[in-house]
Structure formats: structure tokens, C-alpha cells
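Accompanying notes for the structure given below.
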Amino acid sequence: MARKRSSGREQMKWYRADLHLHTPASADYLEPDISYLDILHKAESCGLDIIAFTDHNTVAGIRALRKEIEDLKLLKELNRIRPDEQKRLDEYYRLAEKILLLPGFEFTATLGFHILGIFPPETTVRELEHILLSLRVPPEALDRGITTVGATVDVLTAYRIINEAGGLVIAAHVNSAHGVAMQGFDFGGQTKIAYTQDPNLHALEATDLESKRRRTTANFYNGSKPEYPRRMHCIQGSDAHRLYRDPNDNNRLGVGDRVTEFLLPEPSFEALKELFLSNDFSRSRPFRPKQPPFDHILAARQEGANIVQSFHKAMTRRGGHLHAIICDICAFANTNGGTVYVGVAEDPKVPPVGVAKPEEAAETIRTEVEKKITPPLEVKIDPQVTQGKTVLQITVPVGDDPPYVVDENKIYVRDETDTNLAVRDEIVALVKRSLQLKDQPEAEADDSVSAPASAGPAPSANGTALEPKTGVEIVLSEVRKGVTYYSLRDLRNGNVVHNVTRKSARRLWQYAITEHETSTVDPNQVKWQGSIGLWKKYTRGGQTRFDLVQRGPDNKLRIFYGVTENGLHGPWQELVDAVGEK
């Protein structure tokens, strides 16, 4: 009886890979303050076995990681390493045993097409930079990580150079922007064929491998079309420019959000290349994990602190942490309501601390609310699990009997990301709101409690509610005894606060006053779209803000300072989007 020959698959295993990861070395990376260890930890948490760093036209990321490890090793050899540094070095060693990190780059060829070059782990930075120079990336651009680097080599030449240098050649996101499939182009038939069938090309990266549509990239390049006879290996990668997926934009993926599985004898560069050179198309597949439960606390942290949510790592009395939580609860009750998370930092990259005894901690907060805040305020406190840690979620309603005070005389309000002591006009507005609630019939009062305490946007100069919905506007100024006093209107609720000086102003108010006094708006420098325009764009506390301008029928300018993305709507959103595309 003939002995059955083994196919070799008995010794193979499915390994997960994300071969398209950016790092802070890419100029368009969205979270430049994260560390390379953060990326490796995220890859580990996703169960990845193989990853590749593929920054734009640079290998500065892989160089930075290797230098950090070498520096730590040197400190250890000199017996000068600190405990925290030893811990980082140990983590790098541990992760190196679990994850194969391949060096590479995302090259921009002539006409803007993107190509991944991925190399063996032992490839030196000097060798990689020599390859980039051969691809005509200018020497002065090697460390910049930018997508546009001038006149480089054409696509087919790039394929050949990377392949001859021993690398894997993968056409990046072929079915989308900068992809060699040239989707949406009405020309280039023969060019498309050459760019996707060239023998130096090993695989196509597609973004639609999971699509249920009939006309997918993989189906198109399955070898059935006469003009595309070579069947192509099709893979997927995250093209991650951030650690976690953007909760507000599903197209901005994080590490490991789009993964390919490969059936390999071992997780190695050689095994990957052997697979890409073979005609076995059954050994790669999109990874389809079981959908984990939605972690709403992680999503909230990714969104960050705002007018309706805040975060506290601790709740100890020492250091004022418990008092800060009580102040936030008071501020939310006086403003729009909100949620306080205890046991987690705002920064989603910082692991949750958790609350050791959640039931006791919840009772402590309830007791403190009853003792410190008047009039009585009912809050809901729930233990929640996020990333394996139990934290407290405190839900604060919009109070129906404002103003609420801490320690009998301190009235707090929420101003976007900050909790502040209320000034006189804010206190007056809270009292008026309370009187209105009490004057309403009971049914109407109940409805008003569930809605944000907002007067709505005031009419603009031409009688429409066109203005943004966040930020402040300076509506009046007067000098008294040598001091300038301002009246500022909160665009979120229409409330006007009088008698604000530069010295007494809060952060956003102070910014508006400083800009008003030192930076006169030049209409010729404003990016106009009709009667509205963008004056400045800046970042504060990790949040993008805009200074916007509206021109009235009399050509008088109204300036809206510190508008957040939440305040953009209608023509304002169109203005910012249009300017961003230029």
C-alpha cells in the first residue's frame, strides 16, 4: 500500500500580520507623542505575529526604535540603567520574542503612486536609506517622513529596485487614493495592466477584501480576465496613522484594525516571501476576529474631555482628587449635565488604573455629594469594565434647581474642557434659568430638565443663526480707570458675561482678549468663502480650534474665537473642509 505523502500543512500555522503601519516618523501621523513601545504593545494586544514599519519615504521610525534599544543596552552594560529603563528594555526583549518586526517604507513614485517595500529584519538602516536614495528620494527628505518628495523613479523602476534589493514589493491600497489600479481614471489601460501585472511586484494591498460586493479587487485580479492573466496575491493592512481607530472616522484605522492571516511554517520574512512567490492563493486570508463588545469608555477617552465628560485617575482626598470630582459634578449639573469617569486618565494611551473597591468608592462619592453639594442632587454611579479594569461612571443630570454650589458658596460651571468658578453674569443666568423652570407647568419643566441649558445661538448680523455653536465673541469693550473691561458672549448658549478683564479671564476668554488686543484681523489674510472666513487654526489641549470671521452687510467683521469642531455646522463646516483640501 502506497504511503500518503504529507502536504506540509500539518506543520504550518495561521499567523496574523499587519504589514502597513506608520509611526511618528511619518509627518502625517495623527498621534506624534506616542512611543514605539506603545505601537508594539498595541500589536501584541491585537494578537499580531508579524508587523512592518512603513513610514513615508523614510526609515527614521525603525532607526529611532533601534537606537532606543541600543542606548538602553549600553546603559545596562555600564551599570547605569535606571529601574524604569530596565523595564523598557525587558519589554522590548519580551515583545521581540512574540512579534516579528520587519523594516520597510511606503515609497511615493512618479505621479504619486504608493508602493510598500518590506525587508528582512536584519537589514540595516544604512542599506534601507541607500535603497531610498536609489529610488531618488532626495537626501534632505530622508528624515522628514513626507508623502511628496519631488521627482522620484516611476512605478515599474521602483518595483525592480526594491525586488533586486531583496525586498517584498507590495502595491499599497491599490483600489483607493494613490493606488496603482488607478480607479476613477478614464485613461491608462495599458499602464494599469503593467502596474498590476509586473513580475517584480509580489502582492496587492486592497481595502475591500471583506466586501460582500461582487466586483472586489481580489475578484478583478483572480486571473480570469484576458488582459490581467497573472493572478495576484491580495492582502490587507491597516495603514494605521494612529494607535486606535478614530471613533469619529471609521476610515482612520488603528494598529491591527485590518489584518491578514498567512499560513506559514514559521513567522519569518523568508516564509512570507516564499508564499508570495508561490501560486498557492489559499494560504492568505483576511483575519475575521470575533467582534469584541464596544468599549464606550475607551471611545469616550479617545474623544477626550469636553463640556459633558471628564476623567479622573484617582479619587483620594489627599491631592484634592475627590474635591475635583465633586466640582465637576457641580459644574455638569449647572451646565448641560455630563459624565465623570473615575479610575481612568483622559489619555487613551495611558492604561486604566481602575478603582480597587468600586462599591465602597461609589458610596464615598454619594456621601460626598450629599454633604458638599446643595441643593440636593441625585447622581447615578455605576461600575464599568474597560480594558480589564473596573472604573466608576458617574452620570450627572442637568439640575432642575440651579445654581448648585459646593461648600455652600462655590458655584462651578463647565466651559468646554474646563470646570471653572462661575462669574457674576453666569450666576445671574443660572438663577434666571431656575426661575423659568419653576414658572413652567410641571410637564414643561420635566422636558426642560432633560434638554441642555442653552439659550440657543443668537441671530447673526444679517438676522440668521449662521454663527458657529462653540467659542466666544467679544461684543463690547470699555475702559474704566485705565482698565479695559470686556463683554463676551458664549456661542454655545448665547449667555453674555460682562466686566471681564484680561487678568480675570479664563483661558479661552484670555486668548480671545489677547488676540483682540494684539492681532487685528486683516481681511486680505482671511480665507473667505462668501461672507464667512477662516482667520486662524490652532491646537489647544490636543483639540483643534478655529478663529472664524463673518462679514456683515455693512462690511463690519464679527470674530468668533476658539471654535471647536463640535461648533462647526452648515457653511462653517463647508468652509473648514474646503480650506483643508487646498
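Only the coordinates and a few stated rules stand behind these numbers; no lab work does. The structure presented is a predicted model; accordingly, all values stated were derived computationally and were not measured. No Cβ is skipped: glycine too gets one built from the backbone with ideal geometry, and neighbour counts run over all protein chains shown.
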Exercise for review: Compute the signed sum of charges (Lys and Arg +1, Asp and Glu -1) over the other residues within less than 15 Å, Cβ to Cβ, of G552.
Suggested key: 0
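For the stretch 139-272, what does the alpha-carbon gyration tensor say about shape, rounded, prolate or oblate, given a ≥ b ≥ c as the root eigenvalues, a/c under 1.5 as rounded, and a/b over b/c as prolate? Walk me through the numbers before you get to the answer.
Numbers: a/c = 1.22, a/b = 1.06, b/c = 1.15.
Cα axes put the stretch 139-272 in the rounded bin.
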Check your understanding: Around Y244, which amide H atoms from residues at least 5 apart in sequence, or from another chain, sit under 5 Å from its own amide H, with H modelled in the peptide plane?
Key -> V255
Revision key, fill the gap. Diffing the stretch 168-173: the Karplus 3J(HN,Hα) column from phi (6.51, -1.76, 1.60, θ = phi - 60°), in whole Hz with x for Gly and Pro, holds 7, 10, 10, 6, 6, 5
Revision key, fill the gap. In whole Hz, the Karplus estimates of ³J(HN,Hα) for the stretch 481-493 (6.51, -1.76, 1.60; θ = phi - 60°; x where Gly or Pro) are 6, x, 10, 8, 10, 10, 10, 10, 10, 7, 5, 6, 10
Point to revise | Listed candidates (i) 1.09; (ii) 1.23; (iii) 1.04 - label of the one calculated as Rg/Rh (Cα atoms, Kirkwood Rh) | key: (iii)
Review point. Which peptide among 318-328, 163-173 comes first, and what is the full order, when sorted by highest mean count of other Cβ atoms within 10 Å?
Key: 163-173, 318-328
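Return the equivalent ellipsoid semi-axes of the stretch 296-450 as a descending list in whole Å, where each equals the square root of 5 times an eigenvalue of the C-alpha gyration tensor.
On the way: eigenvalues 151, 49, 43 Å².
One finds semi-axes of 28, 16, 15 Å for the stretch 296-450.
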Check your understanding: Which net charge results when you count Lys and Arg as +1 and Asp and Glu as -1 among the other residues whose beta-carbon is under 12 Å from that of V497?
Key -> -2
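Using 0.36 nm times the number of residues separating R507 and H321, minus their current alpha carbon distance, what extension gain do you get?
Details: separation 186, 0.36 × 186 = 66.96 nm, distance 2.15 nm.
Result for the pair: 64.8 nm of gain on full extension.
So if each residue of separation counts as 0.36 nm, and I subtract the Cα-Cα distance between T544 and E574, what length gain in nm does that give? Each step should come with its number before you reach the end.
Numbers: separation 30, 0.36 × 30 = 10.80 nm, distance 1.61 nm.
Contour length minus Cα-Cα distance gives 9.2 nm.
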Review point. Looking at the square roots a ≥ b ≥ c of the eigenvalues of the Cα gyration tensor of the stretch 472-581, which shape do they give, rounded for a/c under 1.5, prolate if a/b is larger than b/c, or oblate?
Key: prolate
Review point. Under a point spin-label approximation (7 Å from Cα along Cα-to-Cβ), what is the A194-E140 distance to one decimal in nm?
Key: 3.1
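Where both partners of a DSSP beta bridge lie in the chain, what percent of those bridges are antiparallel, to the nearest 5?
On the way: 68 of 88 bridges.
Restricted to the chain, the bridges split so that about 75 percent are antiparallel.
Would you work out if the stretch 19-160 is rounded, prolate or oblate? Take a ≥ b ≥ c from the square roots of the eigenvalues of the alpha-carbon gyration tensor; rounded if a/c is under 1.5, else prolate when a/b is larger than b/c, oblate otherwise.
On the way: a/c = 2.19, a/b = 1.88, b/c = 1.16.
Prolate shape, in that a/c is at least 1.5 and a/b is the bigger ratio.
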Check your understanding: What are the residues whose amide H is under 5 Å from the amide H of Y485, where those residues sit 5 or more places off or on another chain and H is modelled from the backbone?
Key -> E478, V479, R480
Review point. Rounded to the nearest 5, what % of the DSSP beta bridges within the stretch 10-286 are antiparallel ones?
Key: 55
